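Here is the structure we will look at.
Computed from the coordinates by the stated procedures, all read-outs in this text should not be read as laboratory data. Small disclaimer: the values here were computed from a predicted structure and weren't measured. Neighbour counts run over all protein chains shown; Cβ positions are idealised from the backbone, glycine included.
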């Protein structure tokens, strides 16, 4: 009843092509964004911010990055963890080498470093396709992690082999490092993800995104109508790695505080791929939904037995968690292979007819 | 600079020629390691060939098979009965997977099926440990881990038996695929699902058979890997070791899995021994992938893979 578009006339191409053509959507998203900036920093406690909301935002950014590559350009990649590691280590090197540099600028620069590495590892995609490419990107994953492990220059010769986020302030507010408060880190992550999600949404609506989708749907046909496969695929790898790089830098600077290469191993690549698939391939909103699912489910599984008064041994609970997690993934793939974004779309269609479906 | 060039291009070969016995030893070590990889890669190839599913859970199946076997042996079941029991469990597993995972996902995109097998990996890892316990177990089926020396080259008895087993397994599979009725049906399904269905080949039964065979291959791989390094959680990671073998040999080729395994095994050992020290060692993790990648740039379908024909 409330969700009706009757009476909303589009009188220009601009309004017809808007991201949210329906006024209710515009209002909802606008209010939700404002609420996301205001409510959690004031209302949520340290645990919620640190364990749920901050990782959710960072993983969303990484999932958007992978979705651009896998969902829109159709290039299956298992090297996400490696590219995130590049971002994290680049940010660490940059900010320790040039301490006065604004930390936001550092994030963007480390994204660019990750993008250039992504370009190099994207070159095989010109010859190799499908699962062969997926396995080839694992080469990037293992090589990069090995490199950061082996060369002490990357960790500034720290004997522990870890990188630690130093205190960095912007306009007098400490954004990163041990002295940064959780609300401040949350707002920083949120601001970055809002900006980059908007950028990504516009990218995929435009010429670049359309050429990606053309390559994804049928690469030879795309080539014939004038899409250059070399440029398009490399661009997808570059931009996707940029997003992953920024997310990797945030992961260390805004979430973990300090990390070693173990944090970026192949499990992380699979985790981000799960977010993209569960959320929905080729959907920016899906990246958020998938990240929320993957962050929330383990927390729910950990806390569920206690709330119903069951006290299981730690090992058993870990195993049950693993089983339920695996089972849930299969279940969701069977129920809706197109992901949570598709479920959202269906419920919106239903809502338009409610309460009088014909 | 010249020093580096010397280290990369001259010194390793000088070492190889300098002590041929050691070089042969490295080579045989590589061959054995490669056969172990092939054993895991075989399971992947079987399933991919017949159902187009890239089964990431093969590693977890190896772990699960080994855990089941050890669990049965620990409870005092005789070896033969334990082997039969494990086979029965793997066949039951194949049936359950076909019923609950593959059938509802028929006709979905490859990537969806791939993700489902990753979900299956999590499930099997959790389930196997819940039933059989998480601590490292020793798998002893009577093959001694001794070494003997032939013509100055040290040969490990366990590795030798693994090699022989792998050879027998490949031969049996080759006969099974080319000489039996079921094998012919399998090849037909691999060629074209719909055409196979239309001439009356029951797709569901075929898939169950393939997953069962892959399960039995997983038992063999589990025994060999388990005897070598103990049955533990990390066993499921051998899947990651088998992937470069797979892309090198081609996803659809049984001989490719063996030859690819040998190339990767030998390349890895030789690279680690002769070039590894130059970059600080531990290059085993990614070296195989880089070798495979280099091959792929020349032949995108792998060594023995089916020719990729592009249609618009």
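If R0 is taken as 41 Å, the Cβ-Cβ distance between residue A:312 and residue A:48 corresponds to a FRET efficiency of 0.95. The spacing between region A:247-310 and region A:330-358, judged by their C-alpha centroids, is 23 Å. For residue B:199 and residue B:107, a Förster radius of 25 Å and the Cβ-Cβ distance give a FRET efficiency of 0.80, rounded to the nearest 0.05. Each Cα pair under 8 Å and six or more residues apart adds its sequence gap; the mean of these over the residue count of chain B is a relative contact order of 34 percent. Remark: mean inter-chain Cβ contacts per residue of A:317-326 equal 6, using a 10 Å Cβ-Cβ cutoff to other protein chain atoms. Shielding of peptide A:330-337 by partners, expressed as the average count of other chain Cβ atoms within 10 Å per residue Cβ, is 6.
The simple spin-label model puts a point 7 Å past each Cα toward its Cβ; for residue A:228 and residue A:102 those points are separated by 3.3 nm. Rounded to the nearest 500, the helix-only mean residue ellipticity at 222 nm of chain B stands at -23000 deg cm²/dmol, with each DSSP H run of n ≥ 4 adding -39,500 (n - 2.57). Distance from the Cα centroid of region B:234-264 to that of region A:211-232 is 31 Å (rounded to whole angstrom). Per-residue ellipticity at 222 nm from helix content only, as computed over chain A with -39500 (n - 2.57) for each DSSP H run of at least four residues, stands at -22000 deg cm²/dmol. Between the Cα long axis of helix B:79-97 and the first principal axis of chain B there is an angle of about 60°, rounded to the nearest 10.
Across peptide A:137-146, the mean count of Cβ atoms from other chains lying within 10 Å of each residue's own Cβ comes to 6. Sorting the segments B:56-67, A:281-292, B:91-102, A:250-261 by their residues' average number of neighbouring beta-carbon atoms within 10 angstrom, most packed first, yields B:56-67, A:281-292, A:250-261, B:91-102.
For region B:1-143, the square roots a ≥ b ≥ c of the C-alpha gyration tensor eigenvalues yield an a/c of 1.5 or more together with a/b not exceeding b/c, which makes the shape oblate.
Once the C-beta distance of residue B:96 and residue B:298 is scaled by a Förster radius of 35 Å, the resulting FRET efficiency is 0.30 to the nearest 0.05. Rounded, prolate or oblate: which one fits chain A, using the alpha carbon gyration tensor with axes a ≥ b ≥ c (rounded when a/c is under 1.5, else prolate when a/b beats b/c, else oblate)? Rounded. If you take the square roots of the eigenvalues of the alpha-carbon gyration tensor of region A:128-282 and sort them as a ≥ b ≥ c, do you get rounded (a/c under 1.5), prolate (a/b over b/c) or oblate? It comes out oblate by the Cα gyration axes. Measuring between their Cα centroids, region B:6-46 and region A:21-73 lie 50 Å from each other.
Ordered by the number of other Cβ atoms lying within 10 Å of each residue's own Cβ, fewest first, A:311, B:110, B:193 fall into the sequence A:311, B:110, B:193. For chain B, the longest principal axis of the C-alpha atoms and the axis of helix B:110-132 are separated by about 80°.
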